[in-house]
Structures are given as structure tokens and as C-alpha cells.
Amino acid sequence: MSRRRISAFVAALMLASAAPVLLPASSASAAACSSYPSWVAGKSYVTGNIVRYTDGKAYIAEHDNPGYDPTISTWYWEPYACDGGSGNPSGFVVSEAQFNQMFPGRNSFYTYSGLKAAMSAYPAFANTGSDTVKKQEAAAFLANVSHETGGLVHIVEQNTANYPHYCDWGQSYGCPAGQAAYYGRGPIQLSWNFNYKAAGDALGIDLLNNPWLVQNDAAVAWKTGLWYWNTQNGPGSMTGHNAMVNGAGFGQTIRSINGSLECDGKNPAQVQSRVNNYQRFTQILGTTPGNNLYC
């Protein structure tokens, strides 16, 4: 396993007691909403579907439903900002319903709220460039995360035989938490003592002495994933964030995460798995995947 890489509850929706107060859609938002299909009464919808209502505004399905009216059945539908702006109640280009659709079988540890809390550490993430770029970056990060964790199922590395291998005693600070304490954890499977040290220093958290925080605190786990995505090139030549916002393409994010083991024909099946996730997630977000999907 490469030393430089970060290795390999559905959230409860609250019942609304009253219809939300809807603000008039701006002309820009209305134009952006035109790309979504019109709502059809009596048509079956699943969680995460986005429709354009008769007033030109968009709504996202918070629960599966048989075509209920979005302005009446407010438990089933929530207003959605087509341009990814403040009209999206989450303030993130991925709504909670879409997150649930992406990871229907995820471990309850990986909460949407934990991801949102972690994003405050890296405000440029999924918040740079056009609406399309923002959605593509969010999809790219989550696609790689999905691959690394089996669909956000695994919190820790499954092969326990690897655990003692991630201690580099050549580092001056050694392995104070123990020889076998720096195994893969979290959404991009943080591993090695030097990665725990670097991530902890960047985040202001002592992960070198307490690496277990990554498997016990959802916000910390997500922060380590975002730390790598936004600041580390890994075996690549750029960060995952820069690959997406500068137009290099999804393939370069694979190279940054695990390129030394997967890219240039080394493991095409693993690369294809990541690409499949990315294409599915961009479809859920209603955007295009762009070019350069492979590495």
C-alpha cells in the first residue's frame, strides 16, 4: 500500500407541522429551474427527485411519494434552489435527500450533519466556480469516498493484518498511540502516523496521540477526508479540489488518491468503480460529469 495515499442512519427527517414560508424565486433561479422536469400529479417519485412546479419553482422529494402536490404535502417535498444558492436549506449543493439517495445503506456514523460541520474547515470545497463545477466537485469527492468505504459502510480498514504496518518509526515523533494505531479510518481511510500528524496539525486536533477520534467523531472523520481532498496531492500532481475546479477532470482525483496503485492501467476495475460512482452522483445532482474521467 502506498505510503503517500490515504488508503483503502439514514438521517431522520422531521415532520413539518406547517408549510414553509416560500420566498419569491429570482429570475436567475427560475431560469436555472427550467432544466428540471415538470411535476406531474399522480406520478411516482423517489427520494432525491427534483421537479419544477407550476409556479416555476423547484422542489426536492424528501420521501418517496405517489405524486403528491409539493406545496401541500410539505413532509414529502422541500423547496430546492436550482442555482445551489441560499434557497437550498442545507447551504450545500448536495441536499440531505440526495445524500441519502447516494448512500442508502451507509453506516449511521457517516451523517450528513457531520459532513456539513466538517465543511466549515474548508469553505472552498464545493463552493468554488459555477454551479456545475460545485456539483461536480461534490460528486467527485463523494464518489471517491463511496469507493474507499464500500458506500460509506466501513469506518475502519477491514484488513486488521495491515494495522501494524502503518507506523513509520523513522519520524521523529514516532508512534505514541502504539505500533498498530494508525490504520485506515474515515471516509478516505486516513492511514500512517505521518498522515495523522499532518492532518491533526492542520485541523488543530491531536490525532497523533488520539487517532481513535477519526472513528468516533463523525465531524473529525469528515474533516480528515476534506483535509486530504483540499490540501494533499498524494501520488498525483494536484489536489482533488484543484483537479475539479481547474478543469483537469475526475481522473486526476483518482490519481491524487490512489494513482500509484490504480492509474495507467494498473487496476482498471477499481478506476471504473470510481468513475461509475461519479457518473451516478452527477446524475443525482442534475449535472454533467465533464471530460477526462479516467487516469
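The values are calculated or read from the model by the stated rules, or taken from the named source; none is laboratory data. Owing to the predicted nature of the structure, the values given are computational and were not obtained by experimental measurement. Methodologically, a virtual Cβ is constructed for each residue, glycine included, from the backbone with ideal geometry; neighbour enumeration extends over all protein chains shown. For accessibility, only protein heavy atoms count, side chains too; no ligands or nucleic acids. Shrake-Rupley method; radii C 1.70, N 1.55, O 1.52, S 1.80 Å.
Summary of computed values
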quantity: Three-way shape call for the stretch 220-277 based on the alpha-carbon gyration tensor, with the a/c threshold at 1.5; calculated: prolate
quantity: Anisotropy class of the stretch 131-207 from Cα gyration tensor, a/c 1.5 cut; calculated: oblate
quantity: Per residue solvent-accessible surface (Å²) - the stretch 146-228, probe of 1.4 Å; calculated: 36
quantity: Fraction of accessible area attributable to carbon and sulfur, the stretch 242-292 (%, probe 1.4 Å); calculated: 42
quantity: Rounded, prolate or oblate (a/c below 1.5 giving rounded, otherwise prolate when a/b exceeds b/c) for the stretch 177-271 by Cα gyration tensor; calculated: prolate
quantity: Contour excess over end-to-end distance, with Cα ends at Ser237 and Lys43 and 0.36 nm allotted per residue; calculated: 65.1 nm
quantity: Among 137-147, 284-294, the order from most to least packed when residues are scored by Cβ within 10 Å on average; calculated: 137-147, 284-294
quantity: Additional length obtainable on full extension of the chain from Trp169 to Ala124, 0.36 nm per residue less Cα span; calculated: 12.7 nm
quantity: Theoretical FRET efficiency, 1/(1+(r/R0)^6), r = Cβ-Cβ of Trp75 and Thr288, R0 45 Å, to 0.05; calculated: 0.90
quantity: Sequence of Trp77, Trp192, Trp169, Trp39 when ordered by accessible area, the most exposed leading, probe 1.4 angstrom; calculated: Trp169, Trp39, Trp192, Trp77
quantity: Heavy atoms of Arg280: accessible area, 1.4 Å probe, square angstrom to 10; calculated: 100
